[in-house]
Structures are given as C-alpha cells and as structure tokens.
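Visitor: Take this structure first; my questions come after.
The values are calculated or read from the model by the stated rules, or taken from the named source; none is laboratory data. Bear in mind the structure is a predicted one, so any value in this text is a computation, not a measurement. Here the Cβ is made from the backbone with ideal geometry for all residues, glycine too, and neighbour counts use every protein chain on show.
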Amino acid sequence: MKFEKVEGVDKGKIVLYALSTCVWCKRTKQFLSNLGVKFEYIFVDLLQGTERDSIMKDVEKWNPRCSFPTMVIGDSKCIVGFKEDEIREALK
C-alpha cells in the first residue's frame, strides 16, 4: 500500500483515507496542508483487489459506514467528513 506523505509539523500520526473524486476529501487534504501538519493519505478508489479490501477493513474499524473522508489521528481519534473546527481542535 502506497500512502502519500505530506511533510509538516509533527502532531502525531495522522492518516487520511480519501477518494480522488470527492470534493470534501480534497478540502480536508488542502486544509491539513494549509495547517502545515505532517500527514499521510491514500486515495482508496484508486486501489484494487486485496489492497483495496485491506484498506477498507482499516476504514471500517474507525468508521463502520465507510464514508469519506475518514481521518485517523493517533490511535484513538477519528473524524469523518470535512469538519474544520473539529480538525483544528484535535490538532492544537
């Protein structure tokens, strides 16, 4: 699995599961970039076969509805959707 890495200030592990065609995913990715934080992301819709199945199992653990964007912060926080205030609060 190839997660893309974005360099920035280390606020702990931040993983963004996104769709390449989703406007809210793009906005979340851009928002994280604008905040200048380090994170990694993967476009789930561009994966195939067992790789996609494996990532979807990871997403489902955090977000049973499997909607996007799904952002996981550390080992305990999950934010589903583009929620600017919630993201900002979690990363301060």
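Visitor: Would you pick out the residues in region 19-28 that are under 16 Å from residue 84 (Cα atoms) and among the aliphatic types (A, V, I, L, M)?
Guide: The answer is 23, and nothing else.
Visitor: Please work out if residue 39 is within 11 Å of the chain's Cα centre (by Cα), hydrophobic (A, V, I, L, M, F, W, C), on the phi < 0 side of the Ramachandran plot and modelled with pLDDT of 95 or more. Steps first, please.
Guide: Numbers: within 11 Å of the chain's Cα centre (by Cα): yes; hydrophobic (A, V, I, L, M, F, W, C): yes; on the phi < 0 side of the Ramachandran plot: yes; modelled with pLDDT of 95 or more: yes.
Yes: the conditions hold for residue 39.
Visitor: Can you confirm whether region 71-86 contains a residue that is assigned to a loop (DSSP other than H, G, I, E, B), farther than 21 Å from residue 2 by Cα, out of contact with any strand residue (DSSP E or B) (no Cβ under 8 Å at 6 or more places or on another chain) and among the hydrophobic types (A, V, I, L, M, F, W, C)?
Guide: Looking only at region 71-86, we keep the residues that are assigned to a loop (DSSP other than H, G, I, E, B), and these are 74-76, 81-83.
Next, only the ones that are farther than 21 Å from residue 2 by Cα stay: 76, 81-83.
Remaining after also requiring out of contact with any strand residue (DSSP E or B) (no Cβ under 8 Å at 6 or more places or on another chain): 76, 81-83.
Now drop any that are not among the hydrophobic types (A, V, I, L, M, F, W, C), which leaves 82.
Among the residues of region 71-86, at least one is assigned to a loop (DSSP other than H, G, I, E, B), farther than 21 Å from residue 2 by Cα, out of contact with any strand residue (DSSP E or B) (no Cβ under 8 Å at 6 or more places or on another chain) and among the hydrophobic types (A, V, I, L, M, F, W, C), which makes the answer yes.
Visitor: On to the next question. Can you name every residue in region 1-16 that is surrounded by 17 or more Cβ atoms within 10 Å (Cβ to Cβ) and not in a loop (DSSP other than H, G, I, E, B)?
Guide: So in region 1-16, the residues surrounded by 17 or more Cβ atoms within 10 Å (Cβ to Cβ) come out as 11, 14-16.
Passing the criteria: 14, 15, 16.
Listed here are the residues, each with its yes/no results for (1) part of a helix (DSSP H, G or I); (2) exposed (fewer than 13 other Cβ atoms within 10 Å of the Cβ); (3) touching a residue at least 24 places away in the same chain (Cβ under 8 Å).
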position: 28; (1), (2), (3): yes, no, yes
position: 32; (1), (2), (3): yes, no, yes
position: 41; (1), (2), (3): no, no, yes
position: 54; (1), (2), (3): yes, yes, yes
position: 57; (1), (2), (3): yes, yes, no
position: 61; (1), (2), (3): yes, yes, no
position: 65; (1), (2), (3): no, yes, no
position: 68; (1), (2), (3): no, no, yes
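Visitor: If we keep just the residues of region 17-26 that are among the hydrophobic types (A, V, I, L, M, F, W, C) and either touching a Leu at 6+ places or on another chain (Cβ under 9 Å) or part of a helix (DSSP H, G or I) (or both), which is surrounded by the most Cβ atoms within 10 Å (Cβ to Cβ)?
Guide: 25
Visitor: Applying the selection to region 43-52, what residues are polar (S, T, N, Q) and part of a loop (DSSP other than H, G, I, E, B)? Step through it out loud before you land on a result.
Guide: The initial filter retains those residues of region 43-52 that are polar (S, T, N, Q), namely 48, 50.
The answer is 48, and nothing else.
Visitor: Are any residues in region 5-28 in contact with a strand residue (DSSP E or B) (Cβ under 6 Å, 6 or more places away or on another chain), modelled with pLDDT of 95 or more and of a type in the set (D, E, K, R), and if so, which ones?
Guide: Scanning region 5-28 gives a single hit, 5.
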